[in-house]
Each structure stands twice: as structure tokens, then as C-alpha cells.
Amino acid sequence: MKKILLIEDNFEFASLIKDFLDQRSLHVDICDDPFRAVVTSLADYNLVLLDLGLPGMDGLEVCTQIRKKNKIPIIISSARNSTSDKVMGLQLGADDYLPKPYDPDELYARIISLLRRANDFQKEEKEAHFVLDTKAQVLIKNYENVVSKEQLLYSSPAITSGDGKSLEMIISKIRHKIEPFSEKNHIVALRGRGYRLVE
């Protein structure tokens, strides 16, 4: 069963939403304290449903704090329906913004859509992998050492151009493939010397 953390200080409204979603096999835990919400472990949750009008801490700040440490899908559910709040909420990391009042069926549909997208993304991450060319892994064999452009050109039969342009293009493509998995540049270019593979 999918678990949802509902951050909402209106207990009557929260109870109605909880009952509605529980009947549709979505387990809902209610948290009415924004300070407790930002320190709650979200490891067991699949989605956050967040109100903005919370006591002591604005919901936009709660959204910011959650997004800093977790990629969990966030739906903002708020009576504040100004364009500026919507834009700010989405910029701060919310995945959807649903102004109150709303039809519970619409909320359910949006939750299911987000959960499906999140599940598809997790599958893609698990299936993503790199394939090493064991015949021409010059940079890997020389890990942490500088490899000249000439060495790479000579060792890579797929590169037909001798001017290094094809090599630069291939290095660029490799970097783009690595980027989704690491924020660090692992292939360092050294002007006039070549390239170095680093951790």
C-alpha cells in the first residue's frame, strides 16, 4: 500500500481527505506541525500532500526543506490560489499545485498520476547502467593519470578524425551520460596534455 504524509493543520479537512484516500487503498498519516514535518523521515512515504497555511512556518518553507533532502513527489493543497504562490511553490520543488476547494476525485487522480511517474522514474534509474569497452578502456586503465589525446586517438578505432574534434565530441557525450548520476565532472580536460579520469 502506498503511504502519503498529509501536512495539514485543519484536522476536520485532513480527516475527510484521509478517509477518502484510505478507502482507495492509499494510507494517509496526518501531521499538523510543520516543524515536525520537516524532520520526519520520509523513507517509508511515497508522496507528500502539503498545505501552505501552517502555524509557525509557511508551507513554502516546508516544501523547500523537504526538497533539499528528498525527491519525494509533493502536491501543494492550499486555499492560497494566487499565481505567485503557484509559481513559487513549483519553483521550490513541488510537483503539482491544487487550489482548495477541490473535488477529492481530482486529488486522487493527480496523486495516482504522480505516483505512476515517480515509479517509472525509479525503474529507469535502476535499469540505467554503463557498458565498458574492455578492448579500449584507456582512461580506466590509466585512472588518475593523464592520457594524451594522441593515446586516445590511437587506442580508439571508432574515432576516424585525426584532428581531435571527434574525440572532443565523444568526451562530451560521455559527460552528458554521467551527469544524471553524479554532479561531479569525472573526466578532466588538461589543456595541451589530454584527459584524466578522476573519482
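What pairs can you find where one residue is in region 94-112 and of a type in the set (Phe, Trp, Tyr), the other is crowded, with 16+ Cβ neighbours inside 10 Å, and their Cβ atoms are less than 6 Å apart, with a gap of 6+ or different chains? That search, which allows pairs on different chains as well, returns TYR97/ILE76; TYR97/LYS86; TYR97/GLY89.
Scanning region 76-114 for residues that are of a type in the set (A, V, I, L, M), under 21 Å from ASP58 (Cα atoms) and open to solvent by 20 Å² or more (accessible area, probe 1.4 Å) yields ALA79, VAL87, MET88, LEU90, LEU92. On inspection, SER78 qualifies as among the polar types (S, T, N, Q) and in contact with a helix residue (DSSP H, G or I) (Cβ under 9 Å, 6 or more places away or on another chain). Consider region 1-58 and keep the residues that are within 20 Å of GLU106 (Cα to Cα) and among the small types (Gly, Ala, Ser). The one that is surrounded by the most Cβ atoms within 10 Å (Cβ to Cβ) is ALA14.
Residues of region 37-88 that are within 16 Å of LYS100 (Cα to Cα) and among the acidic types (Asp, Glu): ASP51, ASP85. Collect the residues in region 42-92 that are over 17 Å from the mean Cα position of the chain (by Cα) and assigned to a loop (DSSP other than H, G, I, E, B), keeping them in residue-number order. Result: ASP51, LEU52, GLY53, LEU54, PRO55, GLY56, MET57, ASP58, ALA79, ARG80, ASN81, SER82. Among the residues of region 59-75, those that are open to solvent by less than 70 Å² (accessible area, probe 1.4 Å) and over 20 Å from ARG24 (Cα atoms) comprise GLY59, LEU60, VAL62, CYS63, THR64, GLN65, ILE66, ARG67, ASN70, ILE72.
Of the residues that sit in region 1-12 and are out of contact with any Ser or Thr (no Cβ under 8 Å at 6 or more places or on another chain) and without any contact (Cβ under 8 Å) to a residue 40 or more places away in the chain, which one is nearest to LEU47 (Cα to Cα)? Among residues in region 1-12 that are out of contact with any Ser or Thr (no Cβ under 8 Å at 6 or more places or on another chain) and without any contact (Cβ under 8 Å) to a residue 40 or more places away in the chain, the one nearest to LEU47 (Cα to Cα) is PHE11.
The values are calculated or read from the model by the stated rules, or taken from the named source; none is laboratory data. None of these values were measured; they are calculated from a predicted model. Backbone-built Cβ (ideal geometry, glycine too); neighbour counts: all protein chains shown. The protein model used for the area step is the full one, side chains on, heavy atoms only, and it has no ligands, DNA or RNA in it. Shrake-Rupley method; radii C 1.70, N 1.55, O 1.52, S 1.80 Å.
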